Amino acid sequence: MKNILITGGAGYIGSHTAVALVESGYTPIIIDDFSNSEKSVLNGLKNILGKDVKTYIGDCNDKGLVQTIFKENKIDGVIHFAASKAVGESTKIPLKYYSNNIGSLLVMLEVMKEFGVKNIVFSSSCTVYGQPDELPVLETTPRKEAESPYGNTKKICEDILHDDAKSKSGVKVVALRYFNPIGAHPSAEIGELPIGVPANLIPFVTQTAAGIREKITVFGDDYDTKDGSCVRDYIHVLDLADAHVKSLEYLEKQEDNFVDIFNVGTGNGNTVLEVIQAFEKVSGRNLNYEIGSRRAGDIEKVWANTDKVKNTLGWDPKFSLEDSLRDSWNWQKKLSGI
Ligand SMILES: NC(=O)c1ccc[n+]([C@@H]2O[C@H](COP(=O)([O-])OP(=O)(O)OC[C@H]3O[C@@H](n4cnc5c(N)ncnc54)[C@H](O)[C@@H]3O)[C@@H](O)[C@H]2O)c1
């Protein structure tokens with residue numbers, strides 16, 4: 001029974017990964033300051049798993065607290081989700097993003113070294129590619145200048161991990177570049193809990209269907225795509241969670257100072273309008289939407305080449321876009337009491 005510390009484990013992807021870890025025989029231990037999540041997530045986890053997940057409430061920039069966790073538990077690996085993630089906010093208060101996202105990784109690496117813990121899986125993002133020159137995007141596709149301070153923190157954190165391994169610290173790293181995680185646990189016990197007006201498409205779609213929002217604005221229908229709206233690679237959060245478990249298994253087989261990077265997406269791109277149509281079909285509800293102007297900072301299209309993650313980790317996504325949208329909708333219905 002290996003103990004895995006999941007920073008930000010009460011968040012959207014972290015909570016689903018906690019479930020995947022338990023199902024694979026690991027024991028997750030959460031640290032979360034609940035800056036972007038709610039304590040009710042812990043009840044949802046308990047309802048799914050039939051037991052509590054050990055949780056430390058606090059900031060993983062607090063080195064003393066992180067050291068206490070490592071002292072009180074034999075930690076075998078870390079999955080570092082904790083970060084501030086609102087792209088728009090990061091352009092207004094960039095220092096919060098540099099401080100939280102980079103600071104927390106530095107603390108984690110320092111304490112891991114102190115306690116001889118080597119394995120870390122890091123949450124990176126396809127945002128590091130910007131608008132890639134080639135599609136589907138490969139892990140070797142050059143990263144572009146970041147469009148936002150948030151995106152820049154992901155690039156910098158990847159570089160920090162590379163430099164730490166290069167210095168022969170002993171660390172072993174997998175960085176997963178997530179494409180667009182959507183969906184929820186099929187039990188509807190946990191899911192995405194956006195605070196305020198959602199910046200992502202799917203919570204906006206489900207909240208509109210539930211009557212919380214009046215309408216969806218599709219930001220631009222004049223892009224060079226099949227229907228003019230932006231294209232993204234939407235991946236079910238449970239498939240993404242599974243990629244973390246497979247990454248830990250992979251890291252256990254590697255030598256010290258090892259770094260690898262994987263795209264985690266389905267390999268398929270869908271337009272915003274296709275997602276809206278698929279949601280209408282799955283939910284049986286008509287969505288009120290309008291076409292608006294392009295949104296600053298949006299890239300036109302991106303989807304993953306997933307050959308590497310499939311061939312190396314033996315990972316394959318199991319859920320379709322429709323499955324993901326059905327689970328997101330069931331989660332919204334539960335939240336809204338529909
Ligand atoms: N959701 C996406 O679309 C997406 C895409 C690419 C990458 N990512 C990355 O994946 C990771 C997880 O994303 P998510 O969607 O689950 O986000 P989330 O906000 O739901 O989860 C992050 C969790 O970390 C916690 N947290 C933040 N700073 C903390 C700190 N200093 N100490 C302790 N806890 C802290 C928050 O309270 C939250 O529970 C993040 O690093 C994010 O940047 C997310």
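The values are calculated or read from the model by the stated rules, or taken from the named source; none is laboratory data. What you see is a predicted model, and the numbers here were worked out from it, not measured in a lab. So basically every Cβ, Gly included, is an ideal-geometry build from the backbone, and we count neighbours across all protein chains shown.
Observations, loosely collected:
- Test for SER148: is it within 14 Å of the ligand (Cβ to nearest atom) and at pLDDT 95 or above: no
- Matching residues, the range 12-36, being assigned to a helix (DSSP H, G or I) and among the aliphatic types (A, V, I, L, M): ILE13, ALA18, VAL19, ALA20, LEU21, VAL22
- Which numbered condition ASN270 misses (of (1) within 20 Å of GLU134 (Cα to Cα); (2) within 16 Å of the ligand (Cβ to nearest atom); (3) in contact (Cβ under 8 Å) with a residue 60 or more places away in the chain): (3)
- One residue alone among VAL53, VAL107 is in the same structural domain as ALA165 (by TED's automatic domain parsing), under 20 Å from ASP164 (Cβ atoms) and at pLDDT 95 or above, and that residue is VAL107.
- The condition of being under 15 Å from the mean Cα position of the chain (by Cα), farther than 22 Å from ASN330 by Cβ and in contact (Cβ under 8 Å) with a residue 60 or more places away in the chain holds for only one of ASN257, ASN263, that being ASN263.
- Meets criteria (within 23 Å of SER320 (Cα to Cα) and over 18 Å from the mean Cα position of the chain (by Cα)) for THR217: no
- Boolean, GLY25 is more than 20 Å from the chain's Cα centre (by Cα), in contact (Cβ under 8 Å) with a residue 24 or more places away in the chain and at positive phi: yes
- Among the residues of the range 1-47, those that are of a type outside the set (S, T, N, Q), under 16 Å from LEU248 (Cα atoms) and more than 14 Å from the ligand (Cβ to nearest atom) comprise MET1, LYS2, ILE4, LEU21, VAL22, GLU23, GLY25, TYR26.
- Residue that is surrounded by the fewest Cβ atoms within 10 Å (Cβ to Cβ), among those in the range 173-203 that are more than 13 Å from the ligand (Cβ to nearest atom) and either over 20 Å from VAL245 (Cα atoms) or polar (S, T, N, Q) (or both): VAL197
- If the condition is being among the β-branched types (Val, Ile, Thr), touching a residue at least 12 places away in the same chain (Cβ under 8 Å) and within 16 Å of the ligand (Cβ to nearest atom), then the range 69-123 contributes ILE69, ILE75, VAL78, ILE79, VAL87, THR91, ILE102, VAL107, VAL111, ILE120, VAL121.
- Checking each residue in the range 216-265 for being in contact with an Asp or Glu (Cβ under 9 Å, 6 or more places away or on another chain) and among the basic types (Lys, Arg) picks out only LYS226.
- Single residue of ILE6, ILE57, ILE79 found to be touching a Phe, Trp or Tyr at 6+ places or on another chain (Cβ under 7 Å) and within 22 Å of VAL173 (Cα to Cα): ILE6
- Among the residues making up the range 74-93, those that are surrounded by fewer than 22 Cβ atoms within 10 Å (Cβ to Cβ) and part of a helix (DSSP H, G or I) are VAL87, GLY88, GLU89, THR91, LYS92.
- Test result for SER283, surrounded by 14 or more Cβ atoms within 10 Å (Cβ to Cβ) and closer than 22 Å to PHE179 by Cα: no
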